[in-house]
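Here's the structure we're looking at; comments come further down.
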Amino acid sequence: MASINPANHGLRLAVRYAVLSIIAVVFLFPLVFMIMSSFKPDLQLLQDTGSLRAFLPVGDLSFENYREAFERAPVWTFVKNSIIVTGLTVALSLFFCSLAAFSFAFLNWHGRDTVLAVILATLIVPFETIAIPLLLLVSKLPWLGMDGIEWGWLNTYRVQIIPWVADGLTIFLFVQYFKDLPHELVEAARVEGASWWQIYSRVVMPLAGPVLATAAILKFLVMYNQYLWPLIVVQEESYRPVMVGLQYFFQLNTAWGEVMAYLTLITVPVLIFYLALQRAFIASIASTGVKG
Amino acid sequence: MSSRLTRSNRAGWGFALPGFVLIAGFIILPFFFAFWLSMTNQRLISPNPTQFVGLENYRNLLGLAVITLEPERGADGAILVDARGEAQYPRVRTITRSDAFPQYRGMREWFRWQSGENVKVVIASDVVFMKALVNTLTFVLVVAPTQAGLALVLALLINQKLRGINIFRMIYFMPVVVSIVVVSLLWRFIYDGNDGLLNNLLASLTFGWFTPVDWLGNPDTALGSIMAMSIWQAVGFHMVIWLAGLQTISPTLYEAAEIEGASRLQTFRYVTWPGLRNTAILILIVITMQCFALFAQIDVMTKGGPLDSTQTLVFQSVERGYGKQDISGGSTISVILFLIVLTVSLIQRWLTRER
């Protein structure tokens, strides 16, 4: 090792921080631009792109763009739809996937390993390759509604929720986590006469906090950011989520201030959520890669 | 006596059933359905009954041929030239519309090159599909290794023991939680040909020497621009996976390397890289699958243009299956895409197998 010269050391440290900071600017500038622009009138927004003013809260700032965005599009409807679809899918997914994973991890039944292998095999099927046949399928499915049987799931909440409830990755994450839990816990409860349902709900799930957080965050990101699927199965605005609602802002002449206001509105809550729970977010992505 | 040895078929099936039925119904069934639909003429809504058409959809997409055009000659056999001194060739449609060549019927020119005094023309049944195929493969071949490499560099930077390093990690990861649709819109603004941030930045860095480029409006730069943005958005995701891999490497190995007097490069080559093997395989497979699924960026930024320079397989599949309600055409592209993804991941597995 070279002898440590304090001045040299300080310089090296400065260089390191400089490199890290330049990269940070690269990742941050579009988001800063988005937020700052959302408060500026269109004309100023376009003029400011010529200088650093684009990233600064300067000039004529107001909430005018937000007000106009709400006038142009049913923003609250889109937000409400996204919350309903994302919330219900995450909740149902956590329940059904953990239930299935519990069965794969703790119960011994005929055909278990085959079924699990089939579920894991679906991981190599990208959603984009089944979107079109799935579109035809859901357009013909029955549903028991208020006035008897209805046909076709297009333009509903269920078409956005039910196909996304169960997936191989979520089940896999739960199975991995459950297999690392001490099996003695389950066996002791069994000896004491607990039913499987009681063991699932009273013994195992109370210990599943970390994996629940991981699965919930991954599902949340997938669902909130959905684009292709709602685009093709929901034409009625009363069921459209926020990402598809964006199309409203590109009719005829684009008002960029309103676009930036809408983008900020649908992005900043997620960013705040991420900043508050960043360790959990990063851990959940990392956990998808733990098993090679 | 142990419950692990007693079978509990009813409870086992009962607990797994809802999840399995959903996966079977909404992933496995449509997957096999795609193969069937690709051999029919199914439309989303049609008064006519669906017919089985065999491999016709595949022929309509994959038909490819090379034809040779000879220059026009005069009565004496000399090559006729036009006013600029260039040889004249018959038009491609004289062949693709001729009864003499039924095998080329309906095909169109994809590209051509000069070969001696003749011209070779590649004609395809579906030129847009061919462009989509080439663009998708180009995207994968460029983005997958670049993104994996940059993510590793970022992970190594973030893995340093520095005060406040977590703030940088948080920032680098931030675009991952932002929707790709939002990101695509923002970058449409950055890439704008007139007031775009990128043009303005390059102009000020070069003191006005840089001529503005319409990044997304120019067929030469559109796909590259989308690649750069896609890497920007997703690189943090893979950085985190690399980081998880880096942290599984035992610190004692690094200490040993230091005692042995290994240089930084040697430490990376002999300690870090071997420890990242499994992570590398996983990352490559995940990135490749994500790249093949390229859709939202195209739909928001270019709709496949200009001049089909950003067409992709998923975009074409959706445009046909949903936009034109041609379910069988869209499904055929889906099946082809899946077969490519499967082949590529099998090749990757084989190349990275334990030797």
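Couple of notes before you dig in:
- Between helix B:327-351 and chain B: long-axis angle, C-alpha atoms, 0 to 90°, nearest 10: 50
- Three-way shape label, region B:158-306, alpha-carbon gyration tensor, a/c 1.5: prolate
- Trypsin sites (Lys or Arg not before Pro) restricted to region B:128-184 and DSSP loop, no more than 15 other C-beta within 10 Å: B:Lys161, B:Arg163
- 0 to 90° range, to nearest 10: angle between helix B:127-158 axis and chain B longest Cα axis: 20
- Rounded to the nearest 500, the 222 nm mean residue ellipticity of chain B from helices alone is -17000 deg cm²/dmol, with -39,500 (n - 2.57) taken per DSSP H run of at least 4 residues.
- Taking a ≥ b ≥ c as the square roots of the eigenvalues of the Cα gyration tensor, an a/c ratio of 1.5 or more together with a/b no larger than b/c marks chain B as oblate.
- Sequence-distant lysines (8 or more away, or on other chains) whose Cα lies within less than 29 Å of B:Lys324: A:Lys140, B:Lys131, B:Lys303
- For region B:64-124, the relative contact order comes to 40 percent (Cα pairs under 8 Å, sequence separation of at least 6).
- Where labels lie 7 Å past Cα in the beta-carbon direction, separation of A:Glu192 and B:Ser250 in nm: 3.9
- Axial C-alpha extent at least 30 Å, average Kyte-Doolittle at least -1.0 - helices from chain A (DSSP): A:6-37, A:75-106
- For chain A, adding -39500 (n - 2.57) for each run of n ≥ 4 DSSP H residues and dividing by the number of residues yields -19500 deg cm²/dmol at 222 nm.
- Filtered GluC sites (Glu not before Pro), region B:38-88: DSSP coil and at most 12 other beta carbons within 10 Å: B:Glu86
- Scanning residues 5 or more positions from A:Thr254 or on other chains, none has an amide H under 5 Å from its amide H, with H placed 1.01 Å from N in the peptide plane.
- For A:Lys219, the lysines whose Cα falls under 26 Å of its own Cα, not counting residues fewer than eight places away in the same chain, are A:Lys80, A:Lys179, A:Lys291.
- Stretch gain in nm, segment B:Arg97-B:Glu117, where the contour uses 0.36 nm per residue and the Cα spacing is subtracted: 4.8 nm
- Counting Cβ atoms of other protein chains within 10 Å of each Cβ in B:230-238 and taking the mean gives 2.
- Shielding of peptide A:157-163 by partners, expressed as the average count of other chain Cβ atoms within 10 Å per residue Cβ, is 1.
- Overall shape: prolate for region B:252-305, with the ratio a/c of the largest to smallest alpha carbon gyration tensor axis at 1.5 or above and a/b above b/c.
- Against the main long axis of the alpha-carbon atoms of chain B, helix B:277-292 sits at an angle near 40°.
- Percent RCO, i.e. relative contact order, over chain A, from Cα pairs under 8 Å lying at least 6 residues apart: 29
- Whole-angstrom gap from region A:70-125 to region B:107-180, using each part's C-alpha centre: 30
- Cleavage-rule hits, chymotrypsin sites (Phe, Trp or Tyr not before Pro), region B:182-218, DSSP coil, Cβ neighbours within 10 Å at most 16: B:Phe207, B:Trp209, B:Phe210
- For a straight C-alpha distance cut-off of 18 angstrom, the aspartates and glutamates reachable from B:Lys120 (same-chain residues fewer than eight places away being disregarded) are B:Glu70, B:Glu72, B:Glu86, B:Glu109.
- Residues within the reach of a label modelled at B:Ser204 (point 7 angstrom out along Cα to beta-carbon, backbone nitrogen below 13 Å), restricted to region B:217-246: there are none.
- Shielding by partners for peptide A:19-30, expressed as the average number of C-beta atoms from other protein chains within 10 Å of each residue's C-beta, is 6.
- Just checking the listed ones, B:Met239, B:Met170, B:Met229: in the Gaussian network model of chain B with Cα springs under 10 Å, the one fluctuating most is B:Met170.
All of the numbers you see were taken from the coordinates with simple rules; none came from a lab. Everything quoted here is computed from the prediction, not taken from an experiment. As a convention, Cβ positions derive from the backbone with ideal geometry for all residues, glycine included, and neighbour counts pool all protein chains shown.
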